[in-house]
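The values are calculated or read from the model by the stated rules, or taken from the named source; none is laboratory data. Here the structure is a predicted model, which means the values were calculated and not measured. Virtual Cβ from ideal backbone geometry, glycine too; neighbours counted across all protein chains shown. Note: accessible area is taken over every heavy atom of the protein model, side chains too, but ligands, DNA and RNA are not part of it. Shrake-Rupley method; radii C 1.70, N 1.55, O 1.52, S 1.80 Å.
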Amino acid sequence: MTAHARPPYTDADLRAEAARQHAELAKDPYFMEVGEMMQSAPVAHTVDTSTPVSWRDLLRGTGGDRQYSEAQGCIHDLICTAADTSAWAIALGIDGLEPEEHTLTVGYDPGNGVDTPRVRLHFAFHPDLDHDARTRFVMELSRRVLANL
C-alpha cells in the first residue's frame, strides 16, 4: 500500500484562504442584490410576532419606493463599513459555536460627541448552552471584569 501524500498546504492555509474569500464577498456587495435580498426577508423586530412582516410589506403604502431605497442604502453602507471578522467567522464555524447577541463593553471614549467603546467583547457559545446559561456566563464575566478595573 502506498501512503497518501500530504497536501502542500496546511489547515491554517485553508482557513486563511476561506477568511480572505469571506472578506472579499462581503466587502462591496452589489447594491441591487442588497435590495433583492431584502424584499421577502422579515424585518427583525417582527420576527417573533404572530405575523412577521417582510421589508417589502412593511414599506408598502408608506412612501414605499423612496423609503425602501433609503433602507437599502443604509444596509449597503453598513455592510461596506463592517469590520472584517472573516477569520473569526471561519474559526467559530470550525469550533461549532454560535454568535450571541450578548456583548460586554468596557470603557468609552467620548470622541466627536459620540461615546466610542474602548473594548467590546462579543460572545459565541456552543449550541447546547441555553439562553439562561449564556446570560449567566456573560453577567458573571461582566461582574468579574468590572470588579478588577
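Do the conditions hold for Pro52, that is, is it farther than 26 Å from Val138 by Cβ, of a type outside the set (S, T, N, Q) and open to solvent by less than 80 Å² (accessible area, probe 1.4 Å)? Show your work before the answer.
Working: farther than 26 Å from Val138 by Cβ: yes; of a type outside the set (S, T, N, Q): yes; open to solvent by less than 80 Å² (accessible area, probe 1.4 Å): yes.
For Pro52, the condition - farther than 26 Å from Val138 by Cβ, of a type outside the set (S, T, N, Q) and open to solvent by less than 80 Å² (accessible area, probe 1.4 Å) - is met.
Determine whether the stretch 73-84 contains at least one residue that is at pLDDT below 95, of a type outside the set (Asp, Glu) and surrounded by 15 or more Cβ atoms within 10 Å (Cβ to Cβ).
Yes, the stretch 73-84 has at least one match.
Within the set of pairs 6+ apart or on separate chains, which have a first residue in the stretch 18-29 that is in contact (Cβ under 8 Å) with a residue 40 or more places away in the chain and within 13 Å of Ile90 (Cβ to Cβ), a second that is of a type outside the set (Ser, Thr, Tyr) and assigned to a helix (DSSP H, G or I), and C-beta atoms under 8 Å apart?
Hits for this filter: Ala18/Ile90; Ala19/Ala87; Ala19/Ala89; Ala19/Ile90; His22/Ala89; His22/Ile90; Ala26/Ile79.
Taking the residues in the stretch 91-149 that are of a type in the set (Phe, Trp, Tyr) and modelled with pLDDT of 90 or more as candidates, determine which candidate is most open to solvent (accessible area, probe 1.4 Å).
Phe137
Please verify whether the stretch 118-135 includes one or more residues that are closer than 23 Å to Ala19 by Cβ and charged (D, E, K, R). Even if it seems obvious, please write down each step before you answer.
Initial filter on the stretch 118-135 (closer than 23 Å to Ala19 by Cβ): 119-127.
Filter once more, so that each one left must be charged (D, E, K, R): 120.
Checked against the condition, which is being closer than 23 Å to Ala19 by Cβ and charged (D, E, K, R), the stretch 118-135 yields at least one hit.
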